[in-house]
Amino acid sequence: MTDLVANPFIGGLHMLDHPFLRYAFAAGTCIALASGLIGYFVVLRSQVFTGDALSHVAFTGSLAALALGIDLRVGLYGGCVVFALLMAFLGRRANADDTVIGSVFAWVLGLGALFLSIYTTTRSGSGGFSGNAGVTVLFGSIFGLSSGQALTDAVVALVVAAALVLIARPLLFASLDEAVASAQGVPVQALGYVFFVLVGITAGEATQAVGALLLLGLLAAPAGAAQLLTPRPFAALWLSAAIAVVSVWVGLTLAYAFPRIPPSFGILSVATACYLLSFLVTTGGRRVVDRGGASRRGPGNRRNLVISHGEAS
């Protein structure tokens, strides 16, 4: 138990004296920002299964890099981006359906088994395999980031967030009504490819924060909570990012205060709690209503989003 529990005020003041915590907060904040923004569109476009598939891609790509003896992050980012593009290419108008994602999912699991076998047989004889690398990828290693890794992750995440903000309006239009957006001259297919690349990069980023097994939670839970709380798309977009960032901050603080709590568990627990609380608030007799007080439409309803988009434009 740390000083943060014994004396919250003093412990809080000295918490960031630790370099590993500063690196974790810096990288984690930027990763959460990108995950919250990307996650909103993942949920809106009903592509949550994509995030699940990419979580397995992250693990397989990392194992491939380890088996080849190269930097783990090369396989992590490269695998996620390549397979994201593959799913976009196989889908209709760069919008992968469940059949495409499920097929890629199964193939990735097979590749993961292959690379795991290669890695264990080629590295274990020389004492190189201890299982730590695999566990790190599965459950995250945000407290183990060096200053260089934290800086790289933060910069990449901020670039992803900036790119998403730049395409947010046309991407929203294409997500809500693809046919009308295409008729209005929106490059729907090109946006689909760009979006999948951003999802792939974000999946690689989130893996380092919460691990491959849990990255779906950081993409889906804040976005789901935001869509429950407000029908206005751009308000929900930034609310999703805010919930993700707060989840990382509180999760890291909990992990520091109680060393037996892994950072990934703390982060995802807070994000899930936010979603559950939002669900209770909006469906437990206290639904979010508009200013006129007459609306009973669910805040996640696509028709509401179309109306709100029209009001915002």
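The values are calculated or read from the model by the stated rules, or taken from the named source; none is laboratory data. Owing to the predicted nature of the structure, the values given are computational and were not obtained by experimental measurement. Glycine also receives a Cβ, built like all others from the backbone with ideal geometry; neighbour counts cover every protein chain displayed. Only protein heavy atoms, including side chains, enter the accessible area calculation; ligands, DNA and RNA are left aside. Shrake-Rupley method; radii C 1.70, N 1.55, O 1.52, S 1.80 Å.
Just one of the numbered conditions (1) in contact with a Ser or Thr (Cβ under 8 Å, 6 or more places away or on another chain); (2) open to solvent by 10 Å² or more (accessible area, probe 1.4 Å); (3) within 27 Å of Ile243 (Cβ to Cβ) is not true of Leu72: (3). Confirm whether Ala236 is at pLDDT below 90, out of contact with any strand residue (DSSP E or B) (no Cβ under 9 Å at 6 or more places or on another chain) and not aromatic (Phe, Trp, Tyr). No: the conditions fail for Ala236. Evaluating Phe9 against the criteria (1) more than 22 Å from Gln227 (Cβ to Cβ); (2) modelled with pLDDT of 80 or more; (3) open to solvent by 60 Å² or more (accessible area, probe 1.4 Å) leaves one unmet condition, (2).
Give the number of residues within the range 156-196 that are open to solvent by 50 Å² or more (accessible area, probe 1.4 Å), assigned to a loop (DSSP other than H, G, I, E, B) and either of a type in the set (Lys, Arg) or in contact with a helix residue (DSSP H, G or I) (Cβ under 8 Å, 6 or more places away or on another chain) (or both). Selection size over the range 156-196: 3. Pull up the range 21-65, narrow it to residues that are in a helix (DSSP H, G or I), over 10 Å from the mean Cα position of the chain (by Cα) and of a type in the set (S, T, N, Q), then point me to the one that is farthest from Leu158 (Cα to Cα). Across the range 21-65, the extreme among qualifying residues is Thr60.
Here Gly51, Gly140, Gly91 are screened, and the one residue that is closer than 29 Å to Gly224 by Cα and modelled with pLDDT of 75 or more is Gly51.
Filter the range 212-226 for residues that are open to solvent by 10 Å² or more (accessible area, probe 1.4 Å) and closer than 14 Å to Ala271 by Cα and give the result.
The initial filter retains those residues of the range 212-226 that are open to solvent by 10 Å² or more (accessible area, probe 1.4 Å), namely 213-214, 216-217, 220-221, 224.
Answer for the range 212-226, where residues must be open to solvent by 10 Å² or more (accessible area, probe 1.4 Å) and closer than 14 Å to Ala271 by Cα: Leu214, Leu216, Gly217, Ala220, Ala221, Gly224.
All of (1) at pLDDT below 90; (2) more than 30 Å from Leu21 (Cβ to Cβ) hold for Ala212 with one exception: (2).
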